[in-house]
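Written below as structure tokens is the structure these notes are about.
The values are calculated or read from the model by the stated rules, or taken from the named source; none is laboratory data. All figures in this text were calculated on a predicted structure; none of them were measured in a lab. Here Cβ is always computed from backbone atoms with ideal geometry, including for glycine, and neighbour counts include all displayed protein chains. The accessibility values were calculated without ligands, DNA or RNA, using every heavy atom of the protein model including side chains. Shrake-Rupley method; radii C 1.70, N 1.55, O 1.52, S 1.80 Å.
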Amino acid sequence: MTKIAFFDTKPYEQEVFERCCKKDMEIKFMEHRLNRETVDSAKGCDVVCAFVNDNLDETVMKGLNEMGVRLIAMRCAGFNNLALKALGDLRVARVPAYSPYAVAEHAMGMLLTLNRKIHKAYNRTREYNFSLNGLTGVDLHGKVMGVVGTGKIGRVFIDICRGFGLKIIAYDPYPLDGIEYTDLDTLFRESDFISLHCPLTDDSYHLANEKRFAMMKETAILINTSRGALVDSVALVEALWNRRLRAVALDVYEEEVGYFFEDRSGEVVDDATLQLLVSMPNVLITSHQAFLTEEALFNIADTTIGNIEEFFSKGTITHEVTA
């Protein structure tokens with residue numbers, strides 16, 4: 001029997017994983033995140049199943065090795081929260097793709113909502129306020145969309161944008177045929193809208209920063225559905241205060257741990273930057289929701305269980321992450 005310690009459990013995940021679980025697997029579902037204080041919860045387990053906001057630093061890696069855990073099964077694509085150089089005997093699997101359509105569609109939905117102020121109109125009409133004042137948007141057709149990252153999600157997003165008649169310019173260290181590429185500075189300078197679809201690396205950390213916000217059109221909208229630390233949040237607040245861009249849509253936030261995925265409605269949020277962003281009328285925030293479709297949840301569970309099954313039956317990992 002393969003025993004799996006499943007951290008940061010949410011009801012919508014548990015239901016799907018229980019359906020996909022094999023008969024020779026036993027999952028221990030836990031609500032708390034994996035970190036230095038909770039690593040002992042993995043005792044007696046062969047596998048740790050972790051998510052984007054679990055903290056697998058050197059101390060956690062050491063603890064997992066000492067407990068005899070053999071596999072870390074990430075149920076997400078990103079792995080920037082792992083101290084890979086401290087793996088020891090541990091091996092890591094991930095879910096490289098679950099539904100590029102889910103994230104790309106959410107990004108476009110956020111752009112449409114912000115541009116046409118649909119969220120404001122919804123709140124108004126709930127109070128029988130049918131005024132159109134302040135709800136003017138712009139046509140997307142003919143505008144320039146800058147796409148940072150042309151992996152699977154970025155390419156699906158580009159296809160959606162082309163359907164709206166947007167002109168596409170893109171940046172990616174590994175360019176593909178059929179897409180017009182440029183450098184990052186030019187992309188930030190010339191785009192009417194910018195959508196981020198790249199992984200978080202040392203090179204991409206704070207790629208949206210004070211210098212590039214100063215380059216942007218004052219009418220531009222920035223969308224981030226990838227990783228929070230792609231955007232310098234303090235510089236973003238300054239740019240919004242100084243009217244350096246029109247609006248921002250964020251499904252991720254660089255200090256989201258402890259807030260996103262949780263209900264904090266009855267508490268005082270002690271993150272001043274997040275408070276400011278939430279309070280601004282031209283900022284739309286969703287809480288790391290872009291991946292959340294039925295299809296994506298099933299694909300995540302199916303691939304994660306498949307990774308575990310492959311490792312223990314064959315000793316191989318098709319979707320392995322190495323240092």
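Select from segment 251-275 the residues that are of a type in the set (A, V, I, L, M) and open to solvent by less than 10 Å² (accessible area, probe 1.4 Å) and list them in ascending order.
Scanning segment 251-275 gives a single hit, Val252.
Being in a loop (DSSP other than H, G, I, E, B) and surrounded by fewer than 20 Cβ atoms within 10 Å (Cβ to Cβ) is the filter here, so list the residues in segment 289-306 that pass it.
Gln289, Leu292, Thr293
Consider Ala42 carefully, then state whether it is farther than 26 Å from Glu254 by Cα and surrounded by 18 or more Cβ atoms within 10 Å (Cβ to Cβ).
Answer is yes for this residue.
With the checklist (1) over 19 Å from Pro96 (Cα atoms); (2) within 25 Å of the chain's Cα centre (by Cα) in hand, flag the one item Lys152 doesn't pass.
Result: Lys152 fails condition (1) only.
Which residues, counting only those in segment 131-165, are part of a helix (DSSP H, G or I) and surrounded by 15 or more Cβ atoms within 10 Å (Cβ to Cβ)?
Residues of segment 131-165 part of a helix (DSSP H, G or I): 152-163.
Listed by number, the residues that qualify are Lys152, Ile153, Gly154, Arg155, Val156, Phe157, Ile158, Ile160, Cys161.
Residues in segment 174-181: is at least one assigned to a strand (DSSP E or B) and in contact (Cβ under 8 Å) with a residue 12 or more places away in the chain?
yes
Under 6 Å between Cβ atoms, which residue pairs at least 6 apart in sequence (or on different chains) link something in segment 134-157 that is under 17 Å from Leu207 (Cα atoms) with a partner that is at pLDDT 95 or above and among the polar types (S, T, N, Q)?
Gly146/Ser191; Val147/Ser195
Select, from Asn53, Asn35, the only residue that is assigned to a loop (DSSP other than H, G, I, E, B) and touching a residue at least 40 places away in the same chain (Cβ under 8 Å). Outline the logic, then answer.
Details: Asn35 fails: touching a residue at least 40 places away in the same chain (Cβ under 8 Å).
Result: Asn53 is the single residue among Asn53, Asn35 that is assigned to a loop (DSSP other than H, G, I, E, B) and touching a residue at least 40 places away in the same chain (Cβ under 8 Å).
For segment 90-105, enumerate the residues that are modelled with pLDDT under 95 and either open to solvent by 20 Å² or more (accessible area, probe 1.4 Å) or not in a loop (DSSP other than H, G, I, E, B) (or both).
Selection gives Pro96, Ala97, Tyr98, Pro100.
Are any residues in segment 56-78 in a loop (DSSP other than H, G, I, E, B), touching a residue at least 24 places away in the same chain (Cβ under 8 Å), of a type outside the set (D, E, K, R) and more than 19 Å from Val257 (Cα to Cα), and if so, which ones?
Across segment 56-78, the qualifying residue is only Val69.
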